[in-house]
Amino acid sequence: MEKKTTIIITTFLLIFNYAFLLGQYKRTDLQNENLFGEVKSIKYYSYENEADTKEIILVLKFNKQGDIIEQIRYRIDSDIIDHYVYMLDKKNNKIEIHELDSNEEVKHKYIYKNKYSNNGDIIEAQEFNNEGILKATIFFAYTKNDSTTTVEKKKLGKDRSHQYHALEKYNNDHKLIESIWFSEDGIIDSKALYKHDNMGNVIKESYSIGRYPENDRQYVNSYEFDRKKNWIKKIQKSEGVINDILEREISYYK
């Protein structure tokens, strides 16, 4: 059983979206993940049908302020893919990401120096390595109207080479409703659209691959919830057929 697209996309975005939130309305990682209560940790499990063995694929840990402090991804055999620890400043802004090896020693360190606009939006983030050498710069631009905020993100290497270019559109409830990724030549690589229920959970999602339309996918999600109204089981279907089942084991500070 393969790791599923939904979780892979989510964890890939963690490194960037958790580190760089829209500063004007600083929200915690719990809020951005649509989590309620004082969540301490979450373990994610994936399987394709009820008869399958549940495979752990992701662990997230949060501080009491509601921000992520640790992330571990797993392969199907439970070996660790990667392990990150997030360092925060006094305002709970993420300023360093430490990648750990199998002995939980720091393998790589990513240090961020951020610049903000007058209204608090992050506009530039410089990424340095362990030796303090600049590796990349991420630029942010904002387009706001009455119903949405669109964030343009461009990451350039130290030689100004293209690393990624994306547009993310949020509604007034700060929920991601559209994401577009561009290739180096400006052509759309992929696009995702999200529809939410009245609790903020994604109930419909569609993915299109610019150069490979045959790989376009649409999914419908249904959920089961715990007493805090956080989902603990998510069933994802495509054309009426179950594509993936995710379960979350959530622990709380109280």
Working carefully through the options Tyr170, Tyr194, find the one that is in contact with a Leu (Cβ under 9 Å, 6 or more places away or on another chain), at pLDDT 95 or above and within 25 Å of Asn32 (Cα to Cα). Tyr194
Mind listing whichever residues of region 223-234 are outside any loop (DSSP other than H, G, I, E, B) and either surrounded by fewer than 13 Cβ atoms within 10 Å (Cβ to Cβ) or at pLDDT below 95 (or both)? Glu224
Answer yes or no as to whether Lys40 is in contact with a Lys or Arg (Cβ under 9 Å, 6 or more places away or on another chain), part of a strand (DSSP E or B), modelled with pLDDT of 90 or more and of a type outside the set (Val, Ile, Thr). yes
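Select from region 78-131 the residues that are in a loop (DSSP other than H, G, I, E, B) and among the hydroxyl-bearing types (Ser, Thr, Tyr) and write down the one among them that is nearest to Asp67 (Cα to Cα).
Of region 78-131, the ones in a loop (DSSP other than H, G, I, E, B) are 78-79, 89-93, 101-105, 117-121, 129-131.
Add one more test, that the residue is among the hydroxyl-bearing types (Ser, Thr, Tyr), and what stays is 78, 102, 117.
Details: Ser78: 25, Ser102: 24, Ser117: 22 Å.
Restricting to residues being in a loop (DSSP other than H, G, I, E, B) and among the hydroxyl-bearing types (Ser, Thr, Tyr), the top hit is Ser117.
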What is the residue count in region 182-203 for residues that are among the polar types (S, T, N, Q), part of a strand (DSSP E or B) and closer than 27 Å to Lys228 by Cβ? 0
Residue hits (region 64-77; in contact (Cβ under 8 Å) with a residue 12 or more places away in the chain and assigned to a loop (DSSP other than H, G, I, E, B)) are Lys64, Gln65, Gly66, Asp67, Arg75, Ile76
If you check Ser179 against the conditions, is it surrounded by 14 or more Cβ atoms within 10 Å (Cβ to Cβ), assigned to a strand (DSSP E or B) and under 15 Å from the mean Cα position of the chain (by Cα)? yes
If you check Ala141 against the conditions, is it without any contact (Cβ under 8 Å) to a residue 24 or more places away in the chain, exposed (fewer than 13 other Cβ atoms within 10 Å of the Cβ) and closer than 27 Å to Lys195 by Cα? yes
Looking only at residues that are more than 21 Å from the chain's Cα centre (by Cα) and among the small types (Gly, Ala, Ser) in region 197-252, which one is farthest from Ile42 (Cα to Cα)? Gly210
Quick one: would you say Tyr74 is surrounded by 18 or more Cβ atoms within 10 Å (Cβ to Cβ) and farther than 26 Å from Ile242 by Cβ? no
Candidates Asp159, Asp121 - the one that is surrounded by 14 or more Cβ atoms within 10 Å (Cβ to Cβ) and farther than 23 Å from Leu193 by Cα: Asp121
When you check Ile177 against the structure, is it within 28 Å of Ile56 (Cβ to Cβ) and among the β-branched types (Val, Ile, Thr), yes or no? no
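The values are calculated or read from the model by the stated rules, or taken from the named source; none is laboratory data. Every value quoted in this text rests on a predicted model; they were computed, and no experiment measured them. Please note: Cβ atoms are built from the backbone with ideal geometry, for glycine as well, and neighbour counts cover all protein chains shown.
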